[in-house]
Amino acid sequence: VLGLGEALLLNGETEKGERYFQEAYLLHGGEKRLSPIRLKLRAMVLRRHGFRKEALEVLRIGTLIHPQEAGLWDALAKAHYSQKQFAEALVAYEQAEALKPGVKSRKRQIERLRLRLSTSDAGVGASR
């Protein structure tokens with residue numbers, strides 16, 4: 001079921017892929033096959049092979065399955081950032097910070113993203 005979920009994600013069928021991931025989680029107790037570390041590793045492999053969108057989707061699904069896992073939120077934030085999806089990256093970093101506060105590198109990244117987004121918002125308003 002897990003492999004089918006990945007195949008569907010790679011084929012662009014995000015909704016079906018997500019359902020199969022969730023089904024695999026339920027079938028396998030979730031702790032071994034879809035643990036946070038395995039999901040992060042799957043996303044890393046996908047990213048290395050050029051499947052950035054699919055890697056991001058695996059991480060997004062991971063945060064649905066393990067919403068209290070700060071490491072998945074951090075990985076999701078980095079994936080959004082690499083895709084220049086800065087608002088989404090900020091939301092994910094803030095969620096990670098809420099779950100596990102005090103990581104200096106994350107706090108710096110949150111500050112940078114807030115500054116970048118406030119600057120880009122100011123530029124958009126000025127051009128109208």
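Round to the nearest 0.05 the FRET efficiency obtained for K104 and H49 when R0 = 35 Å and r is the Cβ-Cβ distance.
Taking R0 as 35 Å, the efficiency between K104 and H49 is 0.65.
Order 66-72, 102-108, 45-51, 56-62 from most to least packed using the mean count of other Cβ atoms within 10 Å.
Working: 66-72: 17.4, 102-108: 11.3, 45-51: 14.6, 56-62: 24.7.
The densest-packed peptide leads the list: 56-62, 66-72, 45-51, 102-108.
With 20 Å as the limit, write out which pairs from K53/K84; K40/K78; K53/K107 have Cα-Cα distances beyond it, or answer none.
K53/K107
Coordinate-derived values only; no laboratory data. Note that this is a predicted model, so its numbers are computed, not measured. Cβ atoms come from the backbone with ideal geometry, glycine included; neighbour counts cover every protein chain shown.
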